[in-house]
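A.B. asks: Have a look at the structure that comes next, please.
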């Protein structure tokens, strides 16, 4: 891993298109500004991992389970409709 | 055009049905074209089928069906896609659904990673909602039942 030391307001460039600016340091928190082309997605790592995992799980849903899930939801919606009448 | 899928065989679809995702889905950056297929009549779910990978399909649904007050700030995502100014009625919102094997009642929706679809541009982006009260594994049935009891106390 490349390790660089930067001062407040200083920048790092990655490739031709990506610039990271150190905006603020407050205790253990560091605020970064990242400028990059829009086809590059930038995310907080822990949230990114969670969403990636949910995507992977969703892509492995068993069609039988999905049919069953649809029936469960539909029956609840139907009940809602009936009790509102 | 024809697309091959492992779940639904070969589908013939109009070109304009294809949704382009410049950044793909998180964890699947190379798959950039999708179609939305209705799961079946009277199902709240859809398949989000990859055009480029026959095996790849996600399950999605409307967040509002389960969480009528679901409200996320899309400003950044819209800006990132250069969609502004954008009319509200061309934007569709979906959440990715997960169902643990054999436990359909434990289905969850990922409310912090919605897919935003722009119908006018036939483009979509999966955005990340940070600093929100929502979770990545919101129990859909619990939500429905909770809504039901709150609408009809006693």
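Each value in this text was obtained by applying a stated rule to the coordinates, not by laboratory testing. Because the structure is a prediction, the values reported are computed rather than measured. Heads up, the Cβs are rebuilt from the backbone with ideal geometry, glycines too, and the neighbour counts pull from every protein chain shown.
A.B. asks: Can you give me the relative contact order of segment A:1-42 as a percent, contacts being Cα pairs under 8 Å and 6 or more apart?
C.D. replies: Across segment A:1-42, relative contact order equals 29 percent.
A.B. asks: Moving to a separate point now. Tell me, what is the Rg over Rh of segment B:43-89, with Rh the Kirkwood radius over Cα pairs?
C.D. replies: Details: Rg = 14.3 Å, Rh = 13.3 Å.
Expressed as Rg/Rh, it is 1.07.
A.B. asks: Using square roots of five times the C-alpha gyration tensor eigenvalues, list the equivalent-ellipsoid semi-axes of segment B:80-142 in whole Å, biggest first.
C.D. replies: Values: eigenvalues 145, 34, 16 Å².
Working through the eigenvalues yields semi-axes of 27, 13, 9 Å.
A.B. asks: Angle between the Cα long axis of helix B:140-151 and the longest principal axis of chain B, 0 to 90 degrees, nearest 10?
C.D. replies: With both axes taken from Cα atoms, the answer is about 50 degrees.
A.B. asks: Taking each residue in B:90-102, count the Cβ atoms of any other chain within 10 Å of its Cβ, then average. What number comes out? Kindly include the intermediate steps, with their values, before the conclusion.
C.D. replies: Working: counts 0, 0, 0, 0, 0, 2, 7, 6, 9, 11, 4, 6, 4.
Mean partner shielding for this stretch: 4.
A.B. asks: Comparing B:110, B:118, B:131, which has the greatest mean-square fluctuation in the GNM of chain B with Cα pairs linked when under 10 Å apart?
C.D. replies: For chain B, modelled as a Gaussian network with Cα springs under 10 Å, the answer is B:131.
A.B. asks: Looking at segment A:1-42 from every direction and averaging, what is the projected area of its Cα convex hull in nm²?
C.D. replies: On the way: hull surface 14.4 nm².
The orientation-averaged projected area of the Cα hull of segment A:1-42 comes to 3.6 nm².
A.B. asks: Once Rh for segment B:1-68 is found with the Kirkwood sum over Cα pairs, what is the Stokes-Einstein diffusion coefficient at 37 °C and 0.692 mPa s, in µm²/s?
C.D. replies: Taking Rh from Cα pairs, D becomes 258 µm²/s.
A.B. asks: Would you work out the Kirkwood radius for segment A:43-85? I mean one over the mean of 1/r across all pairs of different Cα atoms, in Å. Could you put the intermediate results ahead of the total?
C.D. replies: Values: mean 1/r = 0.0783 Å⁻¹.
It works out to 12.8 Å.
A.B. asks: First measure r as the distance between the Cβ atoms of residue B:89 and residue A:62, then evaluate 1/(1 + (r/R0)^6) with R0 = 35 Å and state the FRET efficiency to the nearest 0.05. All intermediate terms of the calculation are to be shown ahead of the outcome.
C.D. replies: On the way: r = 35 Å, r/R0 = 0.99.
Computed FRET efficiency for residue B:89 and residue A:62 comes out at 0.50.
A.B. asks: Please state the relative contact order of chain B as a whole percent: Cα pairs under 8 Å, 6+ residues apart?
C.D. replies: Working: 268 pairs, mean separation 28.4, N = 154.
It rounds to 18 percent for chain B.
A.B. asks: Any idea how far the Cα center of segment A:1-67 sits from the one of segment B:1-58, in Å?
C.D. replies: 26 Å
A.B. asks: What is chain A's relative contact order, in percent, from Cα pairs under 8 angstrom and six or more apart in sequence?
C.D. replies: Computed over chain A, the figure is 14 percent.
A.B. asks: May I pose another question? If you fit an axis through the alpha-carbon atoms of helix A:63-84 and take the longest principal axis of the Cα set of chain A, what angle between them do you get, 0 to 90°, nearest 10?
C.D. replies: The angle comes out near 70 degrees.
A.B. asks: Please compute the average number of Cβ atoms from other chains found within 10 Å of each residue's Cβ in peptide B:119-127. Could the numbers behind the result be given before it?
C.D. replies: Working: counts 0, 0, 0, 0, 0, 0, 2, 3, 3.
Whole-number average of other-chain Cβ neighbours for B:119-127 is 1.
A.B. asks: Measuring from a point 7 Å past the Cα of residue B:4 along Cα-to-C-beta, which residues in segment B:19-52 have an amide N at less than 18 Å?
C.D. replies: B:31-35, B:49-52
A.B. asks: For residue B:103 paired with residue B:12, estimate the spin-label separation in nm (one decimal), with each label point 7 Å from Cα along the Cα-to-Cβ line.
C.D. replies: Taking the two extended label points, one gets 4.3 nm.
A.B. asks: How well do other chains shield peptide B:60-66, expressed as the mean number of their Cβ atoms within 10 Å of each residue Cβ? All intermediate terms of the calculation are to be shown ahead of the outcome.
C.D. replies: Working: counts 1, 3, 0, 0, 0, 2, 1.
Mean partner shielding for this stretch: 1.
A.B. asks: Share of Cα-Cα pairs in chain A beyond 16 Å, in percent?
C.D. replies: Of all Cα-Cα distances in chain A, 74 percent exceed 16 Å.
A.B. asks: What ranking of A:50, B:40, A:6 emerges when the number of other C-beta atoms within 10 Å of each C-beta is taken as an exposure proxy, fewest first?
C.D. replies: Details: A:50 19, B:40 10, A:6 14.
Listed from fewest to most nearby Cβ atoms, that is B:40, A:6, A:50.
A.B. asks: Restricting attention to the alpha-carbon atoms of the protein assembly as shown, what are Rg (one decimal) and Dmax (integer), both in Å?
C.D. replies: 20.0, 67
A.B. asks: Moving to a separate point now. Fewest Cβ neighbours within 10 Å first, please rank B:11, B:65 accordingly.
C.D. replies: B:11, B:65
A.B. asks: Please compute the Kirkwood hydrodynamic radius over chain B, one decimal place, Å, based on all pairs of different Cα atoms. All intermediate terms of the calculation are to be shown ahead of the outcome.
C.D. replies: Numbers: mean 1/r = 0.0605 Å⁻¹.
Here the Kirkwood hydrodynamic radius works out to 16.5 Å.
A.B. asks: To test your reading of the geometry: what angle, between 0 and 90 degrees and rounded to tens, separates the Cα axis of helix A:45-58 from the longest principal axis of chain A?
C.D. replies: Between the helix axis and the principal axis of chain A, the angle is about 30 degrees.
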